[in-house]
Amino acid sequence: KHPAAVATLRTQYRMNAPVMDLCNVVLHDGDRRKSWATAQQLVCGSDEVSKARLALNESSEGGWVADVLKEPVSFVDVPPSSTQSARNTNEATVVATLVDALHARGLDLREVAVLTPFRAQLRELKRLLPSDVELSTVDRFQGKDA
């Protein structure tokens, strides 16, 4: 009813460039050529935030965990679980493995947050992760200062 009262908030100050780029691709179907998509894309208002990376200690560990931790954004293919779809024990185990690896490389677990869209998955993660790790559903976490 009131198009003049709508404003697109494009400048953000929380995500580094790789995470922000993922959001732009997901939100705009990966098509940066469309003028409307370009006009709506997020931009980082801070060069420091844009370039931020985790400072992790070196590790001699190899394999998939080392590969995942080298990148600011990674996807891990996890086989389906035999449990209901909202709770995937295999996925929770992978998350626990990555949290353990981050802790072993010097990251304070109080600085780690794990988000899931499902309460059933949240219960599974609570069973596997140390209590210092912040766990939440996406809905509960939105708007919270992480």
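The values are calculated or read from the model by the stated rules, or taken from the named source; none is laboratory data. On a predicted model such as this, the values are computed, not experimentally measured, just so you know. The accessibility values were calculated without ligands, DNA or RNA, using every heavy atom of the protein model including side chains. Shrake-Rupley method; radii C 1.70, N 1.55, O 1.52, S 1.80 Å.
Pull up segment 2-41, narrow it to residues that are over 23 Å from the mean Cα position of the chain (by Cα) and at pLDDT 75 or above, then point me to the one that is nearest to residue 53 (Cα to Cα).
Ranking the qualifying residues of segment 2-41, first place goes to 5.
What number goes with the only condition from (1) open to solvent by less than 80 Å² (accessible area, probe 1.4 Å); (2) at pLDDT below 85 that residue 58 does not pass?
Result: residue 58 passes all but (1).
Every residue in segment 52-73 that is assigned to a helix (DSSP H, G or I) and either over 16 Å from residue 19 (Cα atoms) or small (Gly, Ala, Ser) (or both), please.
Filtering segment 52-73 for residues assigned to a helix (DSSP H, G or I) gives 63-70.
Within segment 52-73, 63, 64, 65, 66, 67 qualify.
Could you please find all residues in segment 95-146 being basic (Lys, Arg) and open to solvent by less than 30 Å² (accessible area, probe 1.4 Å)? Can you show your working first?
Pass one, segment 95-146, residues basic (Lys, Arg): 105, 110, 119, 123, 126-127, 140, 144.
Once the filter is applied, which keeps residues that are basic (Lys, Arg) and open to solvent by less than 30 Å² (accessible area, probe 1.4 Å), segment 95-146 yields only 105.
Which residues, counting only those in segment 1-25, are open to solvent by less than 100 Å² (accessible area, probe 1.4 Å) and part of a helix (DSSP H, G or I)? Give the steps one after another, and end with the answer.
Looking only at segment 1-25, we keep the residues that are open to solvent by less than 100 Å² (accessible area, probe 1.4 Å), and these are 5, 7-8, 10-12, 15-25.
Across segment 1-25, the qualifying residues are 5, 17, 18, 19, 20, 21, 22, 23, 24, 25.
Could you tell me which residue of segment 61-72 is nearest to the chain's Cα centre (by Cα), considering only residues that are among the small types (Gly, Ala, Ser) and modelled with pLDDT of 85 or more? Don't jump to the end; show me each part of the working.
Quick first cut of segment 61-72, residues among the small types (Gly, Ala, Ser) only: 62-63, 66.
Then drop every residue that is not modelled with pLDDT of 85 or more, which leaves 63, 66.
Details: 63: 21, 66: 17 Å.
Here the residue is 66.
Which one of 76, 99, 95 is farther than 23 Å from residue 144 by Cα and not in a strand (DSSP E or B)?
Step by step, each of 76, 99, 95 is checked, and only 76 is farther than 23 Å from residue 144 by Cα and not in a strand (DSSP E or B).
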